[in-house]
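Below is one structure, written out as structure tokens; comments come after it.
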Amino acid sequence: MNPFVSGAIWLSVYLGIVLAPVLVLLLAPTPASGGFWWDVSMGLGYAGITMMAVQFVLTARFKRATAPFGIDVIYAFHRYLAYALLVLILLHPTILVIRDPAQLSAILTPWTVPFEVSAGTASLLLLLFIVGVSAFRKPLRIPYEPWRATHLLLSIGAVGFAFVHMFGIGYYTEAAAVQAIWVLIGFSLVAIVFYVRLLRPWRLLHRPFRVAEVQPELAESWMLAVEPLGHEGFDFEPGQFAWLTVRKSPFTMHEHPFSIASSPDPHGRIEFVIKELGDFTRTVGQIPPGTVAYVDGPYGSFSIDRHPEAAGYVFLAGGIGIAPMMSMMRALAERGDARSHFAFAAHSTWDRIPLRDQVLALRKELDLEVVHVLEEPPEEEEWGGEEGWITKELLDRYLPPERADYHYFICGPVPMIRAMEAFLKELGIEPGNVHTELFDMV
């Protein structure tokens with residue numbers, strides 16, 4: 001199916017799920033109305049609760065649903081949607097308080113009101129805490145694993161309190177149709193949590209890998225290779241990524257997403273290039289060969305195999321964003337691809353370019369022009385390459401006249417991605433030929 005059509009279908013499904021409870025209210029018997037703004041407040045509350053429930057679906061990593069967009073886009077949508085649903089949930093009591101200021105006491109003194117009322121306050125406070133901590137996790141230097149476990153538990157609590165509040169208040173929930181749809185949503189959430197936290201880890205437990213090799217790379221990075229233990233591994237498209245768990249059970253929440261840097265291997269070997277950025281990544285160099293690992297993948301739509309019709313490929317990488325590009329370039333070389341390709345790599349200094357020598361070596365196997373752009377070129381010798389940043393003028397000088405028929409892959413920091421997208425648009429490249437992936441999505 002065409003990815004745009006598939007994406008439109010999934011967006012329609014999402015909107016249908018979010019709006020279904022509100023639409024059912026229109027068909028259900030109408031209780032004594034508290035007025036227009038009262039009904040608006042109720043509608044916003046129902047929509048907000050449904051959006052909270054859908055958040056679990058977005059992070060469940062269902063491959064068929066995420067394929068049209070790319071899971072990095074889904075996770076970004078999950079983050080932005082959290083702000084939107086927070087606004088809806090906040091508007092729900094705000095409208096009630098503006099309509100009747102006496103309602104404020106129920107929020108400020110939850111111990112003086114019935115439990116179903118205070119449950120709504122508890123849900124709102126949990127939601128505020130979840131969004132706030134998630135937004136400032138990195139500035140606050142909160143470790144990834146504890147944050148992730150807490151995020152899940154508090155999210156379950158926020159939804160649970162919201163359901164208690166909704167059914168306890170009982171407004172618009174007495175009709176059988178309304179009860180049926182909310183029971184369905186509730187059971188779906190339980191099923192998703194069961195699948196994500198129990199069934200999928202159980203499957204991974206029975207398909208282990210072992211660490212075959214750990215080698216240092218430039219720029220405080222490591223190449224970590226894993227091989228399947230007792231099974232054939234899994235197929236993947238060059239450019240995709242996987243979630244890696246090392247020295248921990250797959251039932252724990254110590255998994256991390258990394259781009260696959262190797263091309264598909266018939267023996268199931270997978271190579272990752274991991275930069276030392278966090279608590280786990282700083283320990284990669286200490287992992288001994290033979291260590292058991294678990295790999296959940298593949299994920300992502302960032303692949304040349306999704307766009308075989310291209311006249312050639314242009315890879316635009318910043319820092320460790322070169323990893324998925326390496327996978328695609330290696331695959332092209334192994335396939336004997338005769339098209340011309342370009343690789344632009346932006347880095348700070350010459351000695352901080354991960355996979356530098358491997359990329360340059362591919363020029364012997366591919367019609368590949370490699371352009372390194374350094375912020376700080378070597379001072380002790382004459383630098384014959386490009387300096388500064390990748391600019392529109394630089395791209396214009398290197399890209400061929402038939403550039404519009406090429407497909408462009410961008411991976412790196414968000415500011416770089418946005419700049420490259422703008423430059424390519426100004427150079428006349430159609431948006432459908434530009435593909436991006438965020439390597440820092442969680």
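Just so it is clear, none of the values below were taken in a lab; they were calculated from the coordinates. From a predicted model like this one, the values you see are computed outputs, not experimental measurements. In this analysis, Cβ positions are derived from the backbone assuming ideal geometry, glycine residues included, and neighbour counts consider all displayed protein chains.
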Q) ARG247's amide H: which non-local residues (gap 5+, or another chain) put their own amide H closer than 5 Å, with H modeled 1.01 Å from N in plane and none for Pro or chain starts? A) VAL292
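Which FRET efficiency value, to the nearest 0.05, is calculated for GLN358 and ASP405 with the Förster distance at 35 angstrom and r the Cβ-Cβ distance?
Details: r = 27 Å, r/R0 = 0.78.
Approximately 0.80, to the nearest 0.05.
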Q) Going by alpha carbons, how many degrees (0 to 90, nearest 10) lie between the helix axis of 115-135 and the longest principal axis of the chain? A) 20 degrees
Q: Provide, in order from the shortest bin, the percent of all Cα-Cα pairs of the chain in each 10 Å bin, continuing until the bin that contains the maximum pair distance.
A: 4, 18, 26, 22, 16, 10, 4, 0, 0
Q. Along the stretch 285-297, what does the Karplus equation 6.51 cos²θ - 1.76 cosθ + 1.60 (θ = phi - 60°) give for ³J(HN,Hα), rounded to whole Hz, x for Gly and Pro?
A. x, 9, 7, x, x, x, 5, 6, 9, 10, 10, 9, x
Q: Return the tail of the calculated pair distribution for the stretch 322-396, meaning the percent of Cα-Cα pairs more than 19 Å apart.
A: 38 percent
**Q.** Other-chain or far-sequence residues with amide H under 5 Å of GLU386's (modelled H)
**A.** HIS372, LEU374
Q: Quick one: among HIS92, HIS267, HIS347, which has the greatest mean-square fluctuation in a GNM of the chain with alpha-carbon springs under 10 angstrom?
A: HIS267
Q.
Compute, for the chain, the length of the dipole vector about the Cα centre, with Cβ point charges of +1 (Lys, Arg) and -1 (Asp, Glu) only. Units Debye, rounded to 20.
A. 1880 debye
**Q.** Environment charge of GLN358, counting only residues whose C-beta is closer than 14 Å and scoring Lys/Arg +1, Asp/Glu -1
**A.** -1
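Please compute the net charge surrounding HIS206, taking Lys and Arg as +1 and Asp and Glu as -1 over other residues with Cβ under 15 Å from its Cβ.
On the way: positive: ARG200, ARG203, ARG207, ARG210; negative: GLU232, ASP296.
Surrounding charge for HIS206 is +2.
Summarise the long-distance tail of P(r) for the stretch 307-437 by giving the % of C-alpha pairs beyond 24 Å. Write out the running numbers ahead of the final one.
Numbers: 1957 of 8515 pairs.
Result: 23 percent of Cα pairs exceed 24 Å.
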Q. How many nm is it between the label spots at ARG418 and GLU387, if each spot is 7 Å from the Cα in line with the beta carbon?
A. 2.8 nm
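Can you give the % of DSSP beta bridges in the chain that are antiparallel, to the nearest 5?
Values: 26 of 50 bridges.
Antiparallel bridges make up about 50 percent of those DSSP assigns within the chain.
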Q: Using a 10 angstrom cutoff on alpha carbons, build the Gaussian network for the chain and name the most mobile of HIS165, HIS151, HIS231.
A: HIS231
Q: Calculate how steeply helix 3-27 sits against the longest principal axis of the alpha-carbon atoms of the chain, using the helix alpha-carbon long axis, and give the answer as 0 to 90 degrees to the nearest 10.
A: 10 degrees
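Given R₀ = 30 Å, what would the calculated FRET efficiency be for GLU220 paired with HIS151, taking r from the Cβ atoms and rounding to 0.05? Don't jump to the answer; show the numbers that get you there.
Values: r = 28 Å, r/R0 = 0.92.
Taking R0 as 30 Å, the efficiency between GLU220 and HIS151 is 0.60.
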Q) If only Cα atoms are counted, what is the Rg of the stretch 36-134, and what is its Dmax, in Å? A) 15.9, 49
Q.
Once you place label points 7 Å from the Cα toward the Cβ at TYR195 and ASP351, how far apart are they in nm?
A. 5.0 nm
(Q) What distance in nm separates the two pseudo spin-label positions at GLU309 and VAL183, each 7 Å out from Cα along the beta-carbon direction? (A) 4.9 nm
Q: Go through LYS248/LYS364; LYS275/LYS392; LYS63/LYS248 and tell me which ones have a Cα-Cα distance over 31 Å in this structure.
A: LYS248/LYS364
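For VAL133 and PHE251, what is the calculated FRET efficiency with R₀ set at 35 Å and r taken between the beta-carbons, to the nearest 0.05?
Working: r = 24 Å, r/R0 = 0.68.
Computed FRET efficiency for VAL133 and PHE251 comes out at 0.90.
Return the percentage of antiparallel bridges among DSSP beta bridges fully within the stretch 307-437, rounded to the nearest 5 %. Working shown, then result.
Working: 0 of 24 bridges.
Counting only bridges with both partners in the stretch 307-437, antiparallel ones make up about 0 percent.
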Q: Could you work out how far helix 414-426 tilts from the main Cα principal axis of the chain, as a 0 to 90 degree angle to the nearest 10?
A: 70 degrees
Q: Based on other C-beta atoms within 10 Å, arrange MET42, MET326 from fewest to most.
A: MET42, MET326
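Give the peptides 73-79, 157-163 in descending order of average Cβ contacts within 10 Å, highest first. Could the numbers behind the result be given before it?
Values: 73-79: 17.4, 157-163: 19.9.
Ranked by mean Cβ neighbours within 10 Å, highest first: 157-163, 73-79.
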Q. When the C-alpha atoms of the stretch 209-299 are aligned to their principal axes, what extent does each axis show, in angstrom, from largest down?
A. 29, 28, 23
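Using a cut-off of 12 Å between beta-carbons, work out the net charge of the residues near GLU271 (Lys and Arg +1, Asp and Glu -1, GLU271 not included). Write down the numbers at each step before the final one.
Values: positive: ARG269, ARG330; negative: GLU213, GLU217, GLU227, ASP265.
For residues surrounding GLU271, the net value is -2.
Divide, for the stretch 382-442, the radius of gyration over alpha carbons by 2.2 N^0.38 Å, where N is the residue count. Mind showing how you got there, number by number?
On the way: Rg = 12.6 Å, N = 61, 2.2 N^0.38 = 10.5 Å.
Taking N as the residue count of the stretch 382-442, the ratio is 1.20.
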